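The values are calculated or read from the model by the stated rules, or taken from the named source; none is laboratory data. The shown structure was predicted, so the numbers you read here are calculated from the model rather than taken from an experiment. Neighbour counts are summed over all protein chains in view; Cβ atoms, including those assigned to glycine, are modelled from backbone coordinates with ideal geometry.
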Amino acid sequence: MLQLSHVLNGITVIEIASYIPGPLCAAILAQLGATVIKIERPGGDPMRTLPPLNEAGEHPLFAFLNRSKQFRTLDLRQPADRAVLHDLVRSADVLIDGLRPGALERLGFSDRDLLVTNPRLLIVSISGAPSGHPRRYEALHDLNAQALAGILTSGAGVPQTPGVHVADMVSGLMAATSVLAGLLARSLSGRGGRIETSMLTAARWLNAPALTLALAGLQSDDTLNGHLACYRLYKTADDRYLAVAALEPHFWQRVCLALERPDLVPLQYERSLQSTLITTLANIFRQRSLHEWMAIFEPLDACVSPVLTPTEAAYDGPLNIWFGI
């Protein structure tokens, strides 16, 4: 396997960001070998002490995202601390700007000034909304970005508060990808510059299937949102859930044979029968526990998985594969 953990050795990243998007971007770069210097304002990144706290008095996600970084506390409203940042910028390769649009410039660090100090610097901005968007200067969190991207209304039923910070996480991933592309571009041109991404941009990419249908004037596709019996969640006898994603006919056939219901195989895509088919499968899956069902399905390779709790998922494989590097 190709080892990527040292490809950014010698690259220095300055992170001026809090919560998830910017720190995640910097964490990925650190995993690839970059040296990351995290600049915290007096009092620290608010996520550091956001409950619940671990034994060290930090939020576990803060500890995870920032475990490989160096820390500097700077009050950028003070001239002496601004001078420290200017010195750091001179030898840096990347500056991650997770502040509100224009905030860094108001503190005396405009793009022009930064690039005069270091013409090879990549300034990576992660904002709430992209340039030109009417909500560009509004405060936005993950829930706002998901709401504005149509994610919360793309599924069936009433919009629900999501359990995953997808806009936060994916904007951090997009920013890390942009840094890698920027470093490649700089190797060709020798020049730095600003790279922009946003939580709303990331959320729209995630919702591209629904948004592209809407732009084409078509109804949202209900194939993958629980309307098909072959692609939905089912409750088991012990009030756990199975994720059945037997979308292809050969997987569906394996599921039906495992349930001893070969008569259901030809009904997979019969739209008028989906409600009846869902009820039939729901009644069958309620007859056994999650453990019992997985003993049946794990050998079959039928796209049937247990719905794990976060605790179970955390220990489902060694922790060193989390980043896959």
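Listed by position, the helices (runs of 4 or more DSSP H) inside region 1-111 whose residues that are within 24 Å of Ala167 (Cα to Cα) number at least 1 are 21-31, 60-65, 103-106. Here Thr177 meets each of (1) touching a residue at least 12 places away in the same chain (Cβ under 8 Å); (2) closer than 30 Å to Asp97 by Cβ; (3) of a type in the set (Val, Ile, Thr) with one exception, condition (1). Mind checking which residues of region 205-229 are more than 21 Å from the chain's Cα centre (by Cα), in a helix (DSSP H, G or I) and touching a residue at least 40 places away in the same chain (Cβ under 8 Å)? Correct list: Ala214 only. Residues that are in a loop (DSSP other than H, G, I, E, B) and touching a Lys or Arg at 6+ places or on another chain (Cβ under 8 Å) do not occur anywhere in region 267-282.
How many of the residues in region 176-204 are more than 11 Å from the chain's Cα centre (by Cα) and part of a helix (DSSP H, G or I)?
Within region 176-204, residues that are more than 11 Å from the chain's Cα centre (by Cα) and part of a helix (DSSP H, G or I) number 17.
Contact map, region 230-252: residues that are assigned by TED's automatic domain parsing to the domain that holds Ile296 and among the small types (Gly, Ala, Ser) paired with residues that are buried (at least 20 other Cβ atoms within 10 Å of the Cβ) and in a helix (DSSP H, G or I), Cβ distance under 6 Å, separation 6+ or inter-chain. Pairs shown: Ala246/Trp252; Ala246/Val255. Please verify whether region 22-37 includes one or more residues that are assigned by TED's automatic domain parsing to the domain that holds Ser131 and free of Cβ contacts under 8 Å to residues at least 12 places away in the same chain. Looking for residues that are assigned by TED's automatic domain parsing to the domain that holds Ser131 and free of Cβ contacts under 8 Å to residues at least 12 places away in the same chain, one finds none in region 22-37, hence no. Give the residue, chosen from Pro159, Pro130, that is touching a strand residue (DSSP E or B) at 6+ places or on another chain (Cβ under 6 Å) and modelled with pLDDT under 95. After applying the criteria, what remains is Pro130.
Consider Ile96 carefully, then state whether it is of a type in the set (Val, Ile, Thr), under 30 Å from Ser189 (Cβ atoms) and under 19 Å from the mean Cα position of the chain (by Cα). Answer is yes for this residue. Within region 115-123, is there a residue that is in the same structural domain as Ser198 (by TED's automatic domain parsing), in a loop (DSSP other than H, G, I, E, B), out of contact with any Gly (no Cβ under 7 Å at 6 or more places or on another chain) and not polar (S, T, N, Q)? For region 115-123, residues in the same structural domain as Ser198 (by TED's automatic domain parsing), in a loop (DSSP other than H, G, I, E, B), out of contact with any Gly (no Cβ under 7 Å at 6 or more places or on another chain) and not polar (S, T, N, Q): absent.
Count of region 79-94 residues, restricted to those that are in contact (Cβ under 8 Å) with a residue 40 or more places away in the chain and acidic (Asp, Glu), is 1. Restricting attention to region 283-314, which residues are assigned to a helix (DSSP H, G or I), within 17 Å of Cys256 (Cβ to Cβ) and either at pLDDT below 95 or polar (S, T, N, Q) (or both)? Within region 283-314, just Asn283 meets the criteria.
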